[in-house]
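Structure first, then comments.
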Amino acid sequence: MRPYARITGTGSSLPPQRLSNADMVALLAQRGVASSDDWIVERTGIRARHFAADGVYASDLAAQACRSALAAAAVEPQQVDLIIVATSTPDMVFPSTAAILQHKLGIAACPAFDVQAVCSGFIYALTLANALIQTGSARTALVVGAEVFSRLLDFNDRSTCVLFGDGAGAVLLQASETPGILATDIHADGRYSDILCVPGHVAGGQVLGRPLLKMDGQAVFRLAVEVLEDTARTVLAQAGKTAADVDWLIPHQANIRIMQSTAKKLKLPMDKVVVTVDQHGNTSAASIPLALDHAVCAGRIQPGDTLLLEGVGGGFTWGAVLLDF
Ligand code: ACO
């Protein structure tokens, strides 16, 4: 029988610099851009975010998160035989952030690669790691979401720069006879690539285009609410379960209103939804494992709980993972 892939440890990391909405409003005011705590809280639920200092990269945040996940699982780095990092803010064009992370963790020779699916990246990475464990190609995988989105923000665009933050989250995923990941579902639709993008690239030794985040917020909102319900129902059906079996919904932390809408459609009360967007903002691929680790460390998520993880983001991409913790 194929093994299950089971989360045996979680970890996360936030850079020390915390900016409240008041700090952001003051930062924007220096540029002549008006905003307010009331607007940000009412439209997004966000109250604070963390920004990495100059010289701190996604791999640095990832390494801290991985060390915590390994310690929580009581597993030595040398036992890791697969590393997947989901990020849209890699340290370099290449090599992959996963390869750099592997070296920082002192792990030799295991496969390591990045996944680029923006805010759905962690769901994609978990899906891939699950498949590799089920086929016997790996037994002990680090699956990470790590971002320094502050580097992509246009601080003259008040409708986007207040939304995002930096951070990392990691899980250790191990082959197991007990469940485990129960169902996965991932999608992309490139027709919508321009509603959320960073339209820049490197050529001839120069950065061309405009490598700052650009978003049609209302289009993203509409699409997100629709696909998050679909993908949740898909994984529940695959596993022969209903929303009533879910102990915790851990959605991508982009906007409290998207989370409330998804919970309502699934008839899940908000006290079953893990919410950290108020304290972290949107950390893209890091947001789900970061929220998971915070809920585990707070003792809210217990072994045996059924978790529904959902992501949505640029691409347009989306997906879900249903698992027994
Ligand atoms: N402070 C004050 N006013 C602002 C700010 C701000 N930070 N940002 C925008 N406004 C103003 C706008 O200029 C506009 O003013 P106007 O009416 O005078 O033109 C007004 O607020 C309303 O703007 P809208 O864009 O219509 O506001 P909306 O209610 O749609 O909220 C938001 C914008 C929060 C971006 C919303 O559309 C949203 O949450 N979309 C989902 C996008 C999202 O969550 N993206 C994260 C990425 S998704 C992912 O992670 C993949």
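Label reach from Met92 (point 7 Å along Cα→C-beta): in region 178-213, amide nitrogens under 18 Å belong to 202-207. Put a dot 7 Å past the Cα of Lys241, heading toward its Cβ, do the same for Ala53, and the two dots end up 4.2 nm apart. Pairwise Cα distances in region 182-324 exceed 28 Å in 21 percent of cases. With contacts defined as alpha carbon pairs under 8 Å and 6 or more residues apart, what's the relative contact order of region 4-177 in percent? Computed over region 4-177, the figure is 35 percent.
Put Glu229, Glu177, Glu310 in order of accessible area, highest first, and with a 1.4 Å probe you get Glu177, Glu229, Glu310.
Using 1/(1 + (r/R0)^6) with R0 = 22 angstrom and r between the beta carbons of Phe221 and Lys264, what's the FRET efficiency to the nearest 0.05?
Values: r = 15 Å, r/R0 = 0.66.
That gives a FRET efficiency of 0.90.
When DSSP assigns beta bridges and you keep just the ones with both residues in the chain, what percent turn out antiparallel, to the nearest 5? If I count the DSSP bridges inside the chain, around 75 percent turn out antiparallel.
Tell me the Kirkwood radius of region 4-177: reciprocal of the mean inverse pair distance over distinct alpha-carbon atoms, in Å.
Values: mean 1/r = 0.0592 Å⁻¹.
Computed over region 4-177, the radius equals 16.9 Å.
Around the amide H of Gly180, modelled in the peptide plane, lie the amide H atoms of Ile7, Asp324, all under 5 Å away and 5 or more residues distant in sequence or on another chain.
With all protein chains in place and a 1.4 Å probe, the accessible surface of region 157-300 carries 51 percent carbon and sulfur. Average 1/r across all pairs of distinct alpha carbons in the chain, invert it, and you get the Kirkwood radius: 19.5 Å.
Quick one: of the DSSP bridges fully inside region 4-177, what percent are antiparallel, nearest 5? The partial results should precede the final answer.
Details: 21 of 30 bridges.
Roughly 70 percent of the DSSP beta bridges within region 4-177 come out antiparallel.
Here the contact order of the chain, divided by its residue count and restricted to Cα pairs under 8 Å and six or more residues apart, works out to 26 percent. How much net charge surrounds Pro90 when only the other residues with a Cβ under 15 Å from the Cβ of Pro90 are counted, with Lys and Arg +1 and Asp and Glu -1? Value of the local net charge: -3.
When nucleic acids and ligands are ignored and a 1.4 Å probe is applied, Phe155 ends up with an accessible area of around 40 Å². Residues in region 25-57, backbone N under 20 Å from the label point at Ala71 (7 Å along the Cα-to-beta-carbon vector): list them, ranges by number please. Answer for region 25-57: 57.
Within the chain, how many Lys pairs that are eight or more residues apart, or on different chains, come under 25 Å at the alpha-carbon? List each step's numbers first, then the result.
Values: Lys241/Lys264; Lys241/Lys265; Lys241/Lys267; Lys241/Lys272; Lys264/Lys272.
Step by step, the pairs that qualify in the chain add up to 5.
Given a 1.4 Å probe and every protein chain left where it sits, what share in percent of the accessible area of region 70-111 is carbon and sulfur? Its accessible area is 64 percent carbon and sulfur atoms.
For region 4-177, what does the accessible surface come to per residue with a 1.4 Å probe? Please give it in Å². All intermediate terms of the calculation are to be shown ahead of the outcome.
Numbers: 6880 Å² over 174 residues.
Ligands and nucleic acids excluded, the result is 40 Å² per residue.
Tell me, what is the FRET efficiency for Arg210 and Thr178 to the nearest 0.05, using R0 = 56 angstrom and their Cβ-Cβ distance as r? Don't skip to the answer; put the middle values down first.
Details: r = 49 Å, r/R0 = 0.88.
Approximately 0.70, to the nearest 0.05.
Simple rule: put +1 on each Lys or Arg Cβ and -1 on each Asp or Glu Cβ in region 182-324, find the dipole, and look at Leu236, Ile186, Leu213; the Cα lying farthest toward the positive end is Leu213.
The charge dipole of the chain, taken about the Cα centre with unit charges on the Cβ atoms of Lys, Arg (+1) and Asp, Glu (-1), comes to about 180 debye, rounded to the nearest 20.
Here each label is just a point 7 Å from Cα along the line to Cβ, and for Ser193 and Arg257 those points are 2.9 nm apart. Projecting the Cα positions of Leu196, Gln79, Pro16 onto the charge dipole of the chain (unit charges on Cβ atoms of Lys, Arg, Asp and Glu, taken about the Cα centre) puts Leu196 furthest along the positive direction. Rounded to the nearest Hz, the phi-derived 3J(HN,Hα) couplings of region 254-269 under the Karplus curve 6.51 cos²θ - 1.76 cosθ + 1.60 (θ = phi - 60°) are 10, 6, 4, 6, 5, 5, 4, 5, 5, 4, 4, 4, 8, 6, 9, x, where x marks glycine and proline.
So if we plug the beta-carbon distance of Arg2 and Val33 into 1/(1 + (r/R0)^6) with R0 = 51 Å, what FRET efficiency do we get, rounded to 0.05? Kindly include the intermediate steps, with their values, before the conclusion.
Numbers: r = 54 Å, r/R0 = 1.05.
Efficiency, rounded to the nearest 0.05: 0.45.
The values are calculated or read from the model by the stated rules, or taken from the named source; none is laboratory data. The structure presented is a predicted model; accordingly, all values stated were derived computationally and were not measured. Heads up, the Cβs are rebuilt from the backbone with ideal geometry, glycines too, and the neighbour counts pull from every protein chain shown. Surface areas here come from the heavy atoms of the whole protein model, side chains and all, with no ligands, DNA or RNA. Shrake-Rupley method; radii C 1.70, N 1.55, O 1.52, S 1.80 Å.
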